[in-house]
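A.B. asks: Structure provided below as structure tokens; questions to follow.
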Amino acid sequence: EVLKCWATNTSVTTCTTGRSQTSENVTICTFGSFRLGVNHPDADIDVLVLSPPHCTRSSFFTVLVELLREHDLVTDLHPVPAAYTPVIKFKLGGVSIDLVYASSSMHVENSNDFMTRIEDEHLVGLEVDEPGMRSINGVRVAQLLLEMVD
């Protein structure tokens, strides 16, 4: 819900009014040890947020961080925008989350189990910045590893 609000609106004030919002296509994809099924109970969950093109990295690290800061279940919020792969680290209900970002015009069907696939054809002709591509590649590497052992 917080991600939809962020994608739909440009200000924290609008998002916190409780008004009904139109749904934007924000896709979330897990990767890393959680996606591979080899995570420890105390490990973090790596999550890619694939947003519509109008959502900027700047907004991800300002507006979304403010929305997360106001959420009752979010603790230990640490945005790291200057990292090689920029990330927002936080705990949601006690579970550690590493949230990375990419903005793209690609349409990827979001599955209920967060095991969304990103295929090569989704990437052809897209304008994705380097940090965004590194974020997307986390999901793609997990897919390839799963396919190799399947």
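A.B. asks: Quick one: what pairs do we get from the range 38-57, first residue more than 11 Å from L99 (Cβ to Cβ), second among the small types (G, A, S) and surrounded by fewer than 18 Cβ atoms within 10 Å (Cβ to Cβ), C-beta under 7 Å, 6+ apart or different chains?
C.D. replies: That search, which allows pairs on different chains as well, returns N39/S33; A43/S33; P53/S105.
A.B. asks: How many residues are in contact with a Ser or Thr (Cβ under 9 Å, 6 or more places away or on another chain), within 23 Å of P41 (Cα to Cα) and touching a residue at least 40 places away in the same chain (Cβ under 8 Å) if we restrict to the range 66-101?
C.D. replies: 2
A.B. asks: Still on this structure: Looking at V65, V74 in this structure, which one is modelled with pLDDT of 90 or more, surrounded by 15 or more Cβ atoms within 10 Å (Cβ to Cβ) and over 15 Å from the mean Cα position of the chain (by Cα)? I'd like the intermediate steps shown before the answer.
C.D. replies: Details: V65 fails: over 15 Å from the mean Cα position of the chain (by Cα).
Criteria check complete, one pass: V74.
A.B. asks: I'd like to know if the range 47-56 contains one or more residues that are hydroxyl-bearing (S, T, Y) and open to solvent by 30 Å² or more (accessible area, probe 1.4 Å). Before you say what the answer is, go through the steps one by one.
C.D. replies: Of the range 47-56, the ones hydroxyl-bearing (S, T, Y) are 51, 56.
Narrowing further to those that are open to solvent by 30 Å² or more (accessible area, probe 1.4 Å): 56.
Yes, the range 47-56 has at least one match.
The values are calculated or read from the model by the stated rules, or taken from the named source; none is laboratory data. Just so we're clear, the structure is a prediction, and the values are computed from it rather than from any experiment. All Cβ positions, even for glycine, are placed from backbone atoms using ideal geometry, and neighbour counts span all protein chains on display. The accessibility values were calculated without ligands, DNA or RNA, using every heavy atom of the protein model including side chains. Shrake-Rupley method; radii C 1.70, N 1.55, O 1.52, S 1.80 Å.
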